[in-house]
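S.K.: This is the structure I want to talk about, given as structure tokens.
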Amino acid sequence: MTKAVCFRCGDIKFGAFNPCGACGETPRNDEDLILSLAMTDHYFNDPSLRQLGDSVKAGNLPKLDESTRSNLLKNLEEFKKTPAGRIMLSLKPEQESEAKPRRKWWPF
């Protein structure tokens, strides 16, 4: 999945679980992750993704039926068990931004 709609601002971004380049929001909890996963090119073509994005921009988040939500949650739980899932979902933007600045490596 390379294209996704940001669940917060509706912009098209790279990857469902990555931060949005437009608003900076990153899906953090299971509900945000499921919604982000649902709004990807894995399930929708480009015109449909743009329509979803326009809907989110207008303040209308898509409503997932219980069957779809349950299937996506199952997929998310499986992804969390993989090495890539453990690494990707353990990185929190607030942890990255709170990192202490490093000392300059150059001597002057």
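Where a number appears in this text, it was derived from the coordinates with a stated rule and is not lab data. A quick note: this is a predicted structure, and the numbers were derived from the prediction, not measured. All Cβ positions, even for glycine, are placed from backbone atoms using ideal geometry, and neighbour counts span all protein chains on display.
S.K.: Only sites in a loop by DSSP and with at most 15 other Cβ atoms within 10 Å count here; which chymotrypsin sites (Phe, Trp or Tyr not before Pro) in the range 1-87 make the cut?
M.R.: TYR43
S.K.: Next up: Taking a ≥ b ≥ c as the square roots of the Cα gyration tensor eigenvalues, with a/c under 1.5 meaning rounded and otherwise prolate when a/b beats b/c, else oblate, which class fits the range 3-82? Display every interim value, and only then the final one.
M.R.: Details: a/c = 1.67, a/b = 1.33, b/c = 1.25.
Since a/c reaches 1.5 and a/b is larger than b/c, the shape of the range 3-82 is classed as prolate.
S.K.: GLU66 to ASN29: FRET efficiency via 1/(1 + (r/R0)^6), r the Cβ-Cβ distance, R0 30 Å, to the nearest 0.05? Don't jump to the answer; show the numbers that get you there.
M.R.: Details: r = 18 Å, r/R0 = 0.60.
The formula returns an efficiency of 0.95 here.
S.K.: Which whole-number percent gives the relative contact order of the range 3-82, counting Cα pairs below 8 Å spaced six or more residues apart?
M.R.: Values: 103 pairs, mean separation 24.1, N = 80.
In percent, rounded to a whole number, it is 30.
S.K.: A follow-up question, please. Considering only DSSP states other than H, G, I, E and B, which trypsin sites (Lys or Arg not before Pro) in the range 12-76 qualify as loop sites with at most 11 other Cβ atoms within 10 Å?
M.R.: LYS63
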